[in-house]
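Just below is one structure, and these are the notes that go with it.
The values are calculated or read from the model by the stated rules, or taken from the named source; none is laboratory data. What you are looking at is a predicted structure, and each value in this text was computed from that prediction instead of being measured. Reconstructed Cβ throughout: ideal geometry from the backbone, glycine too, with neighbour counts over all protein chains shown.
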Amino acid sequence: MTSKTVKCPKCKNETTITGKPGEKTQIICPKCNSKGVFTFPIENTESKTTTDSFTIEVNNLTKKYNNFKAVDNVSFNVKSGEIFGFLGPNGAGKTTAIKAILGLIQTDTGQIKINGIDIKEDEKQAKKHVGYLPEKVAFYNNLTALQNMHFYAEMKNVPKTECKPLIIEMGLEDAVNKKVGKFSKGMQQRLGMAQALLGNPPILILDEPSGGLDPRGVALIRDKIREMKNKGSSVFVSSHILAEVQAVCDSVGIINKGVLVAEDTLENLRDRLNLKPKLVMELEKVSDEIINSVKKLEGVEKVDVLGVMLHVICNPRAKSKIILAAEKAGGNILNIQTMEPSLEEVFMKFTEG
Ligand SMILES: Nc1ncnc2c1ncn2[C@@H]1O[C@H](COP(=O)(O)OP(=O)(O)OP(=O)(O)O)[C@@H](O)[C@H]1O
Ligand SMILES: [Mg+2]
């Protein structure tokens, strides 16, 4: 099963649906009732390089600022070929952990390996194949986008011919020869991403890549992340935009007040929290008989009625019984859709308090 967040073309409301690759499903927008059809893409499994080896290993990492623990005994692994989402509220310790992974700050305890190489033993070699987009991108303001990229290409020992196509790919075709000092925040961010992609790195570390970007820029970054994964790269991405992470990531680490409170696949996190999916049924007509027959079923937690729509929070195993009960009570079901709990709910549960 795979999850997909789709946007209603009419009211722009976002809904997450689940299905099998290749499956065609009818969607009814829970907000405006518009109908549509979605076909789940068939993934190209050949291009996946996921193995059980780790590209980033973090063990017992602690970083203190004076006596304050910005990162407190954090351990996690990023598998080869996966997209790992690193989530947490402001000040949780995401950037600090990323800087520690890259050896940019002194740490108090912990061991970090990139591609099996301890960064304390050989930082240069460990970071050789890493593309990094920092939280705050920094370029030479008096140089153009292309000149800045040439500078990074030289540092990374990457052919300069890669620079212009990457700038264009990131939607900056009109600004190739413009001085970066005149760039907007979003334009700088796009150039930062182009810089991170130099040399087609097998490991990408992106700290809030969508920061300051317009929706088109956000979509561009998301597509790039997916493209890099399909090429076999591992992507470590910190973000607040939960829907974005949900759309691309394989695994999630949630950090709160310096402590890693969860690390798992999104599916397992939902299971652990016992978050229930929602069954949404569109009926020709809703009656008390239908509502009561659904409410009394085992596994049904809550029933909300919105016009002719029945929103039922339930145990996944109760779904077929709900459908049968509604039909038996005289309901004519026009459409059925399952809405999975979102990453937002998972995130809130783990970071509350
Ligand atoms: N150089 C520093 N000196 C002192 N404290 C710092 C320093 N850098 C970060 N901190 C503190 O460490 C904590 C974690 O900061 P960090 O930047 O890692 O958070 P973050 O999760 O990246 O947050 P955001 O989502 O806002 O980017 C914060 O409380 C912050 O104030
Ligand atoms: Mg940060």
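Candidates are the residues of the range 239-269 that are in contact with a Ser or Thr (Cβ under 7 Å, 6 or more places away or on another chain) and among the small types (Gly, Ala, Ser); the one that is surrounded by the fewest Cβ atoms within 10 Å (Cβ to Cβ) is Ala243.
Among residues that are surrounded by fewer than 18 Cβ atoms within 10 Å (Cβ to Cβ) and assigned to a helix (DSSP H, G or I), Glu154 is included.
Applying the criterion of being among the polar types (S, T, N, Q) and within 22 Å of Gln189 (Cβ to Cβ) to the residues of the range 219-257, the residue that is nearest to the chain's Cα centre (by Cα) is Gln246. Cβ-Cβ distances below 7 Å connect the following pairs, each with a first residue in the range 84-103 that is at negative phi, a second residue that is of a type in the set (Phe, Trp, Tyr), and a separation of six or more residues or different chains: Phe84/Phe236; Phe86/Phe236; Leu87/Phe347; Lys94/Phe86; Leu102/Tyr132. Taken over the range 227-257, residues that are over 12 Å from Glu82 (Cβ atoms) and either among the basic types (Lys, Arg) or within 14 Å of ligand 2 (Cβ to nearest atom) (or both) amount to 8. Residues of the range 71-94 that are over 17 Å from Asp118 (Cβ atoms) and surrounded by fewer than 21 Cβ atoms within 10 Å (Cβ to Cβ): Asp72, Asn73, Lys79, Ser80, Pro89, Asn90, Gly91. Residues that are within 16 Å of ligand 2 (Cβ to nearest atom), in contact with a Lys or Arg (Cβ under 7 Å, 6 or more places away or on another chain) and in a loop (DSSP other than H, G, I, E, B) occur in the range 102-118; there is at least one. Of the residues examined, Lys276 is not one that is in a helix (DSSP H, G or I) and within 22 Å of the chain's Cα centre (by Cα).
Per the conditions (1) assigned to a strand (DSSP E or B); (2) in contact with a strand residue (DSSP E or B) (Cβ under 6 Å, 6 or more places away or on another chain); (3) in contact (Cβ under 8 Å) with a residue 24 or more places away in the chain, the sole criterion not satisfied by Ala247 is (1). Out of curiosity, is Met149 out of contact with any helix residue (DSSP H, G or I) (no Cβ under 8 Å at 6 or more places or on another chain), assigned by TED's automatic domain parsing to the domain that holds Ile225 and either part of a helix (DSSP H, G or I) or buried (at least 20 other Cβ atoms within 10 Å of the Cβ) (or both)? No.
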